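*Asks:* Structure in structure tokens, see below.
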Amino acid sequence: MSATPPLPSVVKTKIKVGWFSFSCCEDSTVVFTELLNDHWQDWKQLFEFCHARVLKSHNVMTDFDIAFVEGAVASDDHIKTLKEIRQRSKKLVAIGACACQGLPSAQRNSFTPAQQQEIEFLLARFSALPKVLKLSEVVKVDEQVPGCPMDPKIFLSKVEALVKEFLPAGQVK
Ligand code: SF4
């Protein structure tokens, strides 16, 4: 993976991070874990991963500095959870095409009436919304990382900018 300029390695107060997945294949989560191969030593000093199911089993909904959210919004439960994440987060970053644009998760939005009829029972079974939504149709999105899966270079540049925003010079030991 690409190298980025070094980030501050020791901080007084860690940045609280959440990583969330809605309707998607979670391939951006896979990219994120691959990036950890190169960045874990730095990131574990900078970030407190409060909610990241891919990293740990005990996850808490707390107040986050940064929430990374992949996937599209496909149910009332998703809307409720996403609004809670937004309310708890200083910055919300849409991760990947499904979060940024809805697609490809939102393919059923353009189904023909006949195709819609075929999936009716599934929509009912999973209490799905009539249309799949991108994140910005539900909450304010501060930053976007496009790509399917997310572009790792753009992700790293956004992380670097956010770290600088949350850790001004005085915060670094
Ligand atoms: S944007 Fe692509 S990789 Fe990411 S969840 Fe959607 S389909 Fe999967």
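*Asks:* Tally up the residues in segment 85-110 that are farther than 20 Å from Cys148 by Cβ and surrounded by 12 or more Cβ atoms within 10 Å (Cβ to Cβ), please.
*Replies:* Counting residues in segment 85-110 that are farther than 20 Å from Cys148 by Cβ and surrounded by 12 or more Cβ atoms within 10 Å (Cβ to Cβ) gives 6.
*Asks:* When you go through Leu135, Leu129, Leu156, Leu162 one by one, which is the residue that is within 16 Å of the ligand (Cβ to nearest atom), out of contact with any Gly (no Cβ under 8 Å at 6 or more places or on another chain) and at pLDDT 95 or above?
*Replies:* Leu135
*Asks:* Looking at segment 145-173, I want the residues that are under 17 Å from Glu48 (Cα atoms) and of a type in the set (Asp, Glu) and have a partner that is more than 16 Å from the ligand (Cβ to nearest atom) and modelled with pLDDT of 95 or more with Cβ atoms under 9 Å, at least 6 apart or on another chain. Which pairs are those?
*Replies:* So the pair list comes out as Glu165/Lys91.
*Asks:* Here's another thing I want to ask about it. Could you list, ordered by first residue, the pairs with Cβ atoms under 8 Å in which the first is in segment 74-103 and farther than 16 Å from Ser23 by Cβ and the second is part of a helix (DSSP H, G or I) and β-branched (Val, Ile, Thr), at least 6 apart or interchain?
*Replies:* Filtered contacts from segment 74-103: Leu92/Ile85.
*Asks:* Cβ-Cβ below 6 Å, separation at least six or inter-chain, first residue in segment 24-37 and in contact (Cβ under 8 Å) with a residue 24 or more places away in the chain, second aliphatic (A, V, I, L, M) and within 8 Å of the ligand (Cβ to nearest atom): which pairs?
*Replies:* If the second residue must be aliphatic (A, V, I, L, M) and within 8 Å of the ligand (Cβ to nearest atom), the pairs left are Ser28/Ile95; Ser28/Met150; Val31/Met150.
*Asks:* Then there's this: Considering segment 10-51 alone, what residues qualify as being crowded, with 18+ Cβ neighbours inside 10 Å, in contact with a helix residue (DSSP H, G or I) (Cβ under 7 Å, 6 or more places away or on another chain), hydroxyl-bearing (Ser, Thr, Tyr) and not in a strand (DSSP E or B)?
*Replies:* The one that is crowded, with 18+ Cβ neighbours inside 10 Å, in contact with a helix residue (DSSP H, G or I) (Cβ under 7 Å, 6 or more places away or on another chain), hydroxyl-bearing (Ser, Thr, Tyr) and not in a strand (DSSP E or B): Ser28.
The values are calculated or read from the model by the stated rules, or taken from the named source; none is laboratory data. Note that the structure is predicted; figures quoted are calculated from it, not measured. All Cβ positions, glycine included, derive from the backbone under ideal geometry; neighbour counts span all protein chains shown.
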